[in-house]
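Everything on this sheet refers to the single structure shown next.
The values are calculated or read from the model by the stated rules, or taken from the named source; none is laboratory data. Just so it is clear, the structure is predicted and the values come from calculations on it, not from any experiment. All Cβ positions, even for glycine, are placed from backbone atoms using ideal geometry, and neighbour counts span all protein chains on display. The accessibility values were calculated without ligands, DNA or RNA, using every heavy atom of the protein model including side chains. Shrake-Rupley method; radii C 1.70, N 1.55, O 1.52, S 1.80 Å.
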Amino acid sequence: MSLITLHIYLLALALFLVSATAIPRPPRDLQWSFDLYPGTSCNGTADPQAAFGSTKCRANLRSVASAYQLHHVAEGCRIEFFDNTMCDRADLAAVAKSSPGAPMCRPAGPVHRVGSYQVTCD
Ligand SMILES: *[C@@H]1O[C@H](CO)[C@@H](O)[C@H](O)[C@H]1NC(C)=O
């Protein structure tokens, strides 16, 4: 290997390393957002909830919710709504997943009460 070839090789390697670290990979879509409502037809004051990825149990809601309206749920994420304030699956009220189309108001299951929720993303 001549010295010129070696220099070109090292330059190419350096450029590759710089570009590989400088260009960030697009983050995987793990975003989710929805509004909780005290009224079963999504009336009353909205309580917006939004973040990225899985959550622990969230029970610090503004009030007990009776309906929800999804805005965006990433593929592979699901939201579980509970009729208690500790995400106890014995009182699972509703499960929401990514769904195309316009956001719809959904009553929170037959019990119509949500005191906590938890998001799980694959
Ligand atoms: C929502 O609308 C229903 C029916 O009009 C009403 O009975 C209920 O009090 C409303 N709830 C809130 C929180 O505004």
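Screening segment 76-105 for residues that are of a type in the set (Gly, Ala, Ser) and loosely packed, with under 13 Cβ neighbours inside 10 Å and picking the one that is farthest from TRP32 (Cα to Cα) gives ALA90. Sub-6 Å Cβ pairs linking a first residue in segment 65-87 that is under 16 Å from GLY44 (Cβ atoms) and modelled with pLDDT of 95 or more to a second residue that is of a type in the set (S, T, N, Q) and in a loop (DSSP other than H, G, I, E, B), at least 6 apart or interchain, are SER66/THR40; ALA67/THR40, ordered by first then second residue. Here THR55 fits the description: more than 16 Å from the ligand (Cβ to nearest atom), modelled with pLDDT of 65 or more, surrounded by 10 or more Cβ atoms within 10 Å (Cβ to Cβ) and hydroxyl-bearing (Ser, Thr, Tyr). If you go through segment 41-60 one residue at a time, how many are assigned to a strand (DSSP E or B) and free of Cβ contacts under 8 Å to residues at least 60 places away in the same chain? Selection size over segment 41-60: 4. Within segment 61-68, is even one residue in a loop (DSSP other than H, G, I, E, B), closer than 11 Å to GLN118 by Cβ and open to solvent by 20 Å² or more (accessible area, probe 1.4 Å)? No: segment 61-68 contains no residue that is in a loop (DSSP other than H, G, I, E, B), closer than 11 Å to GLN118 by Cβ and open to solvent by 20 Å² or more (accessible area, probe 1.4 Å). Being closer than 15 Å to PHE81 by Cα and of a type outside the set (A, V, I, L, M, F, W, C) is the filter; apply it to segment 29-48 and report the residue that is farthest from the ligand (Cβ to nearest atom). Only one residue fits best here, namely SER33. Quick check on my filter: what residues within segment 106-122 are open to solvent by 50 Å² or more (accessible area, probe 1.4 Å) and modelled with pLDDT of 85 or more? Residues satisfying the conditions are ARG106, PRO107, ARG113, ASP122. Restricting LEU17, LEU36, LEU6, LEU30 to residues that are touching a strand residue (DSSP E or B) at 6+ places or on another chain (Cβ under 6 Å) and modelled with pLDDT under 90 narrows the list to LEU30.
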